[in-house]
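Asker: One structure, as structure tokens, below. Some questions next.
The values are calculated or read from the model by the stated rules, or taken from the named source; none is laboratory data. Quantities reported herein were computed from a predicted structural model and do not represent experimental measurements. Quick reminder, even Gly has a Cβ in these numbers, built from the backbone with ideal geometry, and neighbours come from all protein chains shown.
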Amino acid sequence: MKLLKFIFVFMIAVSLISCGKKNTDTKTTAPDNKDQKQTTTTTPTKTESSVAVLKSVDNSTGKNIAPLFSWTENGVEKSTKDLKGKVLFVNFWATWCAPCKKEMPDLSTLSEDLKNKDFKMIGMCVAEGNDIPKIENILKAIPVSYTIVQGNDNIVNAFKAASGNDMQAVPTSFIIDKSGKIVETIVGSKDKKYLTDKINQYLN
């Protein structure tokens, strides 16, 4: 009986810090050849929105090498190719995930704290079709200082293949060092101090 109570309490604790995949997600398969570079291009949605739209994804060229990707933000194309020499924090989240939304204020403060350092934060929303209106509503309630991008299966699969993490839960965050290598995979929401300590290991 004590063992059953322990298992029940443990399951509740896990559910409070991360969300599993939503049942309506479409199952996709990561590329078989991780070493072969492929480019997938999506047509950006025309919108004057605070939400950026993923444009292209280059699959990783090797294990733990972060995939390169680009996005359109306020009509301007940007790319992680232009962020070499910076530490990159990519936070995968979803509109239906309560722990994801709960940690967004801390992520925003952290992004502000590090804005004068070689650092960039991107919130990559796991898209279900056109989620921009949903994302915009969330950002009205929870304004953030970092870039929010509407993602898709291509970016999810690229990070799965590169990191070896199957991303069964959100939030899942990746810290990419100045050389473009994935050095940390963080599953579940974490407090600001924990994330600050982790990021500072690669900024110094």
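Asker: As an exercise: evaluate residue 203 against (1) under 14 Å from residue 92 (Cβ atoms); (2) among the aliphatic types (A, V, I, L, M); (3) in contact (Cβ under 8 Å) with a residue 60 or more places away in the chain; (4) surrounded by fewer than 20 Cβ atoms within 10 Å (Cβ to Cβ) and give the number of the one condition it does not meet.
Answerer: Looking at each condition in turn, residue 203 falls short on (1).
Asker: Answer with yes or no whether residue 155 is closer than 25 Å to residue 183 by Cα, hydrophobic (A, V, I, L, M, F, W, C), buried (at least 21 other Cβ atoms within 10 Å of the Cβ) and touching a Pro at 6+ places or on another chain (Cβ under 8 Å).
Answerer: Criteria met by residue 155.
Asker: Condition first: out of contact with any Asp or Glu (no Cβ under 9 Å at 6 or more places or on another chain), in a loop (DSSP other than H, G, I, E, B), of a type outside the set (Gly, Ala, Ser) and on the phi > 0 side of the Ramachandran plot. Can you find one or more residues in region 160-171 that meet it?
Answerer: Yes; the residues of region 160-171 include at least one that is out of contact with any Asp or Glu (no Cβ under 9 Å at 6 or more places or on another chain), in a loop (DSSP other than H, G, I, E, B), of a type outside the set (Gly, Ala, Ser) and on the phi > 0 side of the Ramachandran plot.
Asker: Suppose the filter is of a type in the set (D, E, K, R), closer than 23 Å to residue 101 by Cβ and under 13 Å from the mean Cα position of the chain (by Cα); does residue 190 pass it?
Answerer: So residue 190 fails the test.
Asker: Checking the conditions here, which among 91, 23, 33, 74 is within 17 Å of residue 158 (Cβ to Cβ), of a type outside the set (Phe, Trp, Tyr) and modelled with pLDDT under 95?
Answerer: Just a single option satisfies the conditions, and that option is 33.
Asker: Exactly one of these conditions fails for residue 134: (1) modelled with pLDDT of 95 or more; (2) basic (Lys, Arg); (3) in a helix (DSSP H, G or I). Give me its number.
Answerer: (1)
Asker: Quick check, is residue 170 surrounded by 20 or more Cβ atoms within 10 Å (Cβ to Cβ) and touching a residue at least 60 places away in the same chain (Cβ under 8 Å)?
Answerer: Taking the combined requirement at face value, the residue satisfies it.
Asker: Filter region 67-126 down to the residues that are hydroxyl-bearing (Ser, Thr, Tyr) and out of contact with any Asp or Glu (no Cβ under 8 Å at 6 or more places or on another chain), then identify the one that is surrounded by the most Cβ atoms within 10 Å (Cβ to Cβ).
Answerer: Result: 80.
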